[in-house]
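Everything below concerns the one structure shown next.
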């Protein structure tokens, strides 16, 4: 991640605002595929009130347990997860974005908003909204502001589901990866990939 103290970085950087299912899903995909990724997480996710029976592939798991596993995954892939450092503002700056917190200013090439039903940052960035007063995005989750993505409850009225949020985060991340690589990018793993990746993690 670029900061005012460290100077500019040449590799694409991604900042995710929000550490619920959408934000962590996005961060998992970008970090797993080599993009420098930072997540700002206030732990205000509604998942702590949930218990998942309706998530495909999961029989039954508590929301807090689900979140613990998700955080462990993104940590393993090298995400800089900043817990309890709220983002106070996001602004366009130079060729990217400046993300403000009480602790400093951080720069990124791409910003993914995953702040649940709170749409204040999107409004401050002048992202377009629909007639239903949700952030207007396409299937790639990109807003009307190039390089800014919105996910989860902020783009849908009253559709608050972990599975939807996770899919939104993945869609945003894959669109960023496609843009960075200059071609459609597919993150599709096979069993040998799991053996290689987890072997590398154990070796570290």
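Against the conditions (1) closer than 26 Å to residue 49 by Cβ; (2) modelled with pLDDT under 95, residue 122 satisfies every one except (2).
The single condition among (1) touching a strand residue (DSSP E or B) at 6+ places or on another chain (Cβ under 9 Å); (2) modelled with pLDDT under 95; (3) farther than 20 Å from residue 96 by Cα that residue 46 does not satisfy is (1).
Consider the stretch 137-153. How many of its residues are in contact with a helix residue (DSSP H, G or I) (Cβ under 8 Å, 6 or more places away or on another chain) and either surrounded by fewer than 13 Cβ atoms within 10 Å (Cβ to Cβ) or at pLDDT 95 or above (or both)? The qualifying residues number 10. The condition of being at pLDDT 95 or above and surrounded by fewer than 24 Cβ atoms within 10 Å (Cβ to Cβ) holds for only one of 87, 39, that being 87.
Scan the stretch 94-102 and tell me whether some residue there is over 22 Å from residue 12 (Cβ atoms) and either crowded, with 19+ Cβ neighbours inside 10 Å or out of contact with any helix residue (DSSP H, G or I) (no Cβ under 7 Å at 6 or more places or on another chain) (or both). Checked the stretch 94-102: at least one residue is over 22 Å from residue 12 (Cβ atoms) and either crowded, with 19+ Cβ neighbours inside 10 Å or out of contact with any helix residue (DSSP H, G or I) (no Cβ under 7 Å at 6 or more places or on another chain) (or both).
For the stretch 173-204, residues that are modelled with pLDDT under 80 and in contact with a helix residue (DSSP H, G or I) (Cβ under 7 Å, 6 or more places away or on another chain) total 1. One residue stands out among those in the stretch 25-36 that are assigned to a helix (DSSP H, G or I) and either free of Cβ contacts under 8 Å to residues at least 60 places away in the same chain or touching a strand residue (DSSP E or B) at 6+ places or on another chain (Cβ under 7 Å) (or both): the one that is surrounded by the fewest Cβ atoms within 10 Å (Cβ to Cβ), which is 31.
Within the stretch 59-86, residues that are farther than 18 Å from residue 22 by Cβ sit with their Cβ atoms under 6 Å from residues that are assigned to a helix (DSSP H, G or I) and at pLDDT 95 or above, at 6+ positions apart or across chains, in these pairs: 78/31. When we screen 113, 177, 121 for residues that are buried (at least 22 other Cβ atoms within 10 Å of the Cβ) and over 26 Å from residue 43 (Cβ atoms), the only hit is 177.
Taking (1) over 27 Å from residue 194 (Cβ atoms); (2) modelled with pLDDT of 95 or more; (3) in contact with a helix residue (DSSP H, G or I) (Cβ under 9 Å, 6 or more places away or on another chain); (4) outside any helix (DSSP H, G or I) in turn, residue 81 satisfies each apart from (1). Of all residues in the stretch 185-196, none satisfies the criterion of being more than 19 Å from the chain's Cα centre (by Cα) and closer than 20 Å to residue 137 by Cα. Looking across 88, 130, 105, one residue alone is over 16 Å from residue 168 (Cα atoms) and out of contact with any strand residue (DSSP E or B) (no Cβ under 9 Å at 6 or more places or on another chain). It is 130.
The values are calculated or read from the model by the stated rules, or taken from the named source; none is laboratory data. Please read all numbers here as calculations on a predicted model, not as lab measurements. We place every Cβ from the backbone using ideal geometry, glycine too, and count neighbours over all the protein chains shown.
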